[in-house]
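Beneath this line is the structure, given in structure tokens, with notes to follow.
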Amino acid sequence: MKKLIIIALVVVSVGAVAFTLYNNKQEMNEAATLAMKSSEYISVTVEKVEEKTVNRNFEANGIFEPSQELKLMSETSGAVVKIQRRKGDYVRKGDLLVQIDDRLIRSEYTIAKLTRDQAEKDLKRFENLAATDAITKKQLEENENGFKIADAQLGALKKRLDDTKVTAPIAGFINEDYYELGTLVSPGMPLVDIINKNPLKLAVNVTETEISKVKKDDEIAVRVNAMSNQDFIGKVHFISDKADASFKYQVELIMISKNQDEIKPGMFGTAQFKFSQEEKVLMIDRKSISGSLKDPGVYLIKNGVAVYQTVKIHPLDDGSVEILDGLKAGDEVIASGLINVKEGTKVKVQ
């Protein structure tokens, strides 16, 4: 009997819970239906597309670089026996940096030179004999080939001998050296890093809208972040024809200021592109743009309904955007309430 009573109580409890949930669901559905009926439109504000004057001045950051920079490698093997230049020294093109032990190669070169000189004498004698038909044509050819081989061997040893004298291929400062007296070097081993910062370069990246304003040989004011109290000038030397992966173009400036020696490669610089002309463009606030800057659009209002319109824009520094395509002066776009707006939504301007 007790079991029957317990079962009955459980059944009644489950039924009560189910009834309560059903009533709650009905109430929620009725509330949602009522909300939809009462919200026949979304309240929004609008912004008018206006023609305003803008200045095309802009800045671009970059890092100063030397005009030439190379890591000089050894082309021979041996021990360093003489050091002529060290880190921090200025070198001219052709200056001797280090001398590598050349005694063995010099001996081989001397033997090769004697062999080559003897082969040259033998060839001249055989050419005279060939003129009187005293030797065969084959004998003459063998002597000619012998001379060519001896001459080639001498040339190879001359190159090896020259490689023991490590000279500077460019003018500049030795930024790092990798040798001491007695250091054993081998082909491909780095010896020195040389940088030539005359002239110094500043490479910056600019957008497709900005690149159209830059011309070769333009003189541009440059600010060095570490020397805020000094002014510098750079001349546009190079403008890339193709954008990089971020859709920006490289502009390279050659520094032409007299005080530029104080600038070190690796410092940060800012190129200040300033233009005297001002232009009138169509503008709206950035907040009126729906979607990202890569795929922008706006909502117009037609017959009380939101209509999506794709646009082409260019962001400006003051929080607004320039309309390049898709709208005209006087058009009104939805400025607020965009979070609830989509194509076809009924809207009402507040």
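Here, each number is a calculation from the coordinates, and none is a lab measurement. For clarity, every value in this text was computed on a predicted model and none was experimentally measured. Positions of Cβ are generated from backbone atoms using ideal geometry, with glycine treated the same way; all protein chains shown enter the neighbour counts.
How do D95, D101 line up, fewest other C-beta atoms within 10 Å first?
Ordered by Cβ neighbours within 10 Å, fewest first: D95, D101.
How much of the DSSP bridge set in the chain is antiparallel, in percent, rounded to the nearest 5?
Among the beta bridges of the chain, antiparallel pairing accounts for roughly 95 percent.
Can you give the calculated 222 nm mean residue ellipticity of the chain, where each DSSP H run of n ≥ 4 adds -39,500 (n - 2.57) and the sum is split over every residue, rounded to the nearest 500 deg cm²/dmol?
Calculated mean residue ellipticity at 222 nm is -10000 deg cm²/dmol.
Among rounded, prolate and oblate, which fits the range 73-191 when a ≥ b ≥ c are the square roots of the eigenvalues of its C-alpha gyration tensor, a/c under 1.5 means rounded, and a/b larger than b/c means prolate?
It is prolate, given that a/c is not under 1.5 and a/b is the larger ratio.
Tell me, in nm to one decimal, what length is gained between K148 and M189 on full extension, where the rule is 0.36 nm per residue of separation less the Cα-Cα distance?
Here the answer is 11.5 nm.
Using 28 Å as the Cα-Cα cut-off, could you pick out the over-long pairs in K242/K287; K294/K328; K197/K274; K124/K158; K159/K264; K312/K342?
In this structure, K242/K287; K159/K264 lie more than 28 Å apart at Cα.
Report, in whole Å, the centroid distance computed from the Cα atoms of the range 113-185 and the range 237-281.
51 Å
Arrange S212, S67 by Cβ neighbour counts within 10 Å, fewest through most, would you?
Going from least to most buried by this count: S212, S67.
For E322, which sequence-distant residues (separation of 5 or more, or a different chain) have an amide H within less than 5 Å of its own amide H, given hydrogens modelled in the peptide plane?
Close amide H contacts, sequence-distant or interchain: H314, L316.
To test your reading of the geometry: what angle, between 0 and 90 degrees and rounded to tens, separates the Cα axis of helix 137-163 from the longest principal axis of the chain?
Relative to the chain, helix 137-163 is tipped by roughly 60 degrees.
Of [x] 5, 14, 13, 12, 11, 10, 10, 8, 7, 5, 3, 2, 1, 0, 0; [y] 5, 21, 27, 19, 7, 4, 4, 4, 3, 3, 2, 1, 0, 0; [z] 4, 19, 25, 23, 17, 8, 2, 1, 0, 0, which one was derived for P(r) over Cα pairs in 10 Å bins from 0, in percent from the structure shown?
It is the value labelled [x].
Along the positive direction of the dipole of the range 208-350 (beta-carbon charges: Lys, Arg +1; Asp, Glu -1; about the Cα centre), which of G344, V236, I211 reaches farthest?
Going by the charge dipole, the pick is G344.
What residues qualify as long-range amide H neighbours of L191, i.e. H under 5 Å apart, gap of 5 or more or another chain, H built at 1.01 Å from N?
Under 5 Å from the amide H of L191: L72, M73, S74.
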